[in-house]
Amino acid sequence: MNISKMHENPYNPEPARIVRHYDLIEDHRFFQIRHVDMNRAMSFTYNPGQFIMLSIPGVGEAPFSISSTPSRPGILELGVRKVGTLTESLFQKQDNDIIYIRGPYGNGYKIEQMEKKDLIITAGGLGVIPLRSILYYVLDNRDKFGRVFFLYGAGDSNQFLFRDEFFQLKARNDLDCMYTVDKADKTWTESEGVVTKLFKNLPEIDPQNTIGLVTGPPVMYKFVIDEFLKLKIPKNMIQLSLERRMKCGIGKCGHCALDHLYTCIDGPVFTYWDTQHFRELI
Ligand SMILES: Cc1cc2nc3c(=O)[nH]c(=O)nc-3n(C[C@H](O)[C@H](O)[C@H](O)COP(=O)(O)OP(=O)(O)OC[C@H]3O[C@@H](n4cnc5c(N)ncnc54)[C@H](O)[C@@H]3O)c2cc1C
Ligand code: FES
């Protein structure tokens, strides 16, 4: 089949090859994948914060955030937690095996709003997967942004994703990384406590010139947003990435509908201002 024709039907998945994979932590695996069609691989563009629909024939399909940055084209990176049928089947795949993807979908982070501003990027647990995309995008376009604070918290050191990679980032002098785990063990050298504890380490910020980003487990949003509000960051300058159950990813099936919003096309990134009017979103 002519591959360029395949792109015309939004439900048609495109073959992609697993280039490399490794375990991040137990039941969480990192995948680098590439479209089989090299032209498509190199021309595929997306915004940080967007997701793809990944499928395995005869097994199923589900959305996954893109964790790589569009500033490094050719390869897509995913971080996947094994929870059910599709992810179990994906974990049986090896390098060079073929899977299928369609997308990119969703809106992604509001990058124009972030330019020239200071950024407080706040992640909890698996929420770091989409935020890793915007983090590397910002680092690859460093002169377009102000100060960057990266706050990441996990349950314990065994649940801290991308540990080696993120600890290497601490050497950079254009990024302020702060890490914490709820419960520390002997191997842990950083803070102990929930991620909101890290806010007290922030220097003075100018709230009109600062964007707050947050993604993490549902329980985290309220507390992190409270910290942003205490810093007087305006509600429309707080960006959240939210997950809802999705089926089509393109605004057709209604699975992710909330009032007149479809989280697959109007989200998954919303401002806190948006969610104030749609409280069910959090
Ligand atoms: C926009 C978006 C981005 C996502 N990004 C990632 C990602 O980067 N990495 C990742 O590991 N997962 C991500 N997910 C979640 C992923 O799509 C689901 O875990 C997926 O259902 C797994 O499929 P499965 O067949 O393995 O499990 P399933 O058989 O579908 O489900 C296994 C268990 O998870 C529950 N479940 C499934 N989906 C959801 C959901 N959306 N919310 C709450 N519970 C759910 C089911 O009820 C069941 O208990 C994302 C979801 C969305 C909507
Ligand atoms: S997932 Fe079908 S409308 Fe959003």
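Each value in this text was obtained by applying a stated rule to the coordinates, not by laboratory testing. Because the structure is predicted, anything quoted here is derived from the model rather than measured. Note: ideal-geometry Cβ built from the backbone for every residue, glycine included; neighbour counts use all protein chains shown.
Computed extension length for Asn173-His277: 33.5 nm, one decimal, from 0.36 nm per residue of separation with the Cα-Cα distance subtracted. Shown for Leu119, Leu231, Leu135: other C-beta atoms within 10 Å of each C-beta, ranked fewest to most, produce the order Leu231, Leu119, Leu135. Within the stretch 111-281, DSSP assigns beta bridges of which about 15% are antiparallel (rounded to the nearest 5).
Taking Cα centroids, how far is the stretch 257-275 from the stretch 164-216 in Å? That distance is 27 Å.
Here the Karplus relation 6.51 cos²θ - 1.76 cosθ + 1.60, evaluated at θ = phi - 60°, turns the backbone of the stretch 169-176 into coupling constants of 5, 5, 6, 6, 9, 10, 8, 10 Hz, with x for every Gly and Pro. Counting only Cβ charges, +1 for Lys and Arg and -1 for Asp and Glu, the dipole size of the stretch 147-206 around its Cα centre is about 80 debye. For Asn12 and Ala184, the FRET efficiency from 1/(1 + (r/R0)^6), where r spans their Cβ atoms and R0 equals 41 Å, is about 0.30.
Exposure proxy ranking for Thr180, Thr196, Thr45, based on other Cβ atoms within 10 angstrom of each Cβ and starting from the fewest, stands as Thr45, Thr196, Thr180.
Let me spell out the model: positive unit charges on the Cβ of Lys and Arg, negative unit charges on the Cβ of Asp and Glu, origin at the Cα centre of the chain. What dipole size does that give, in debye rounded to 20?
The dipole of the chain has a size of about 280 debye.
For Lys82, the lysines whose Cα falls under 17 Å of its own Cα, not counting residues fewer than eight places away in the same chain, are Lys93. Summary of packing: across the peptides 144-150, 35-41, 50-56, the per-residue average of other C-beta atoms within 10 Å ranks them, highest first, as 50-56, 144-150, 35-41.
Taking max minus min of the alpha-carbon positions on each principal axis, the stretch 111-281 gives extents of 48, 34, 30 Å, largest first. Applying 1/(1 + (r/R0)^6) with r as the Cβ-Cβ distance of Phe223 and Val59 and R0 = 35 angstrom yields a FRET efficiency of 0.40. Shown for Ile238, Ile99: other C-beta atoms within 10 Å of each C-beta, ranked fewest to most, produce the order Ile99, Ile238. The length gained on full extension between Met42 and Asp27, counted as 0.36 nm times the residue separation minus their Cα-Cα distance, comes to 2.4 nm. Take each peptide in 241-247, 168-174, count the other Cβ atoms within 10 Å of every residue, and average; sorted highest first, the result is 241-247, 168-174.
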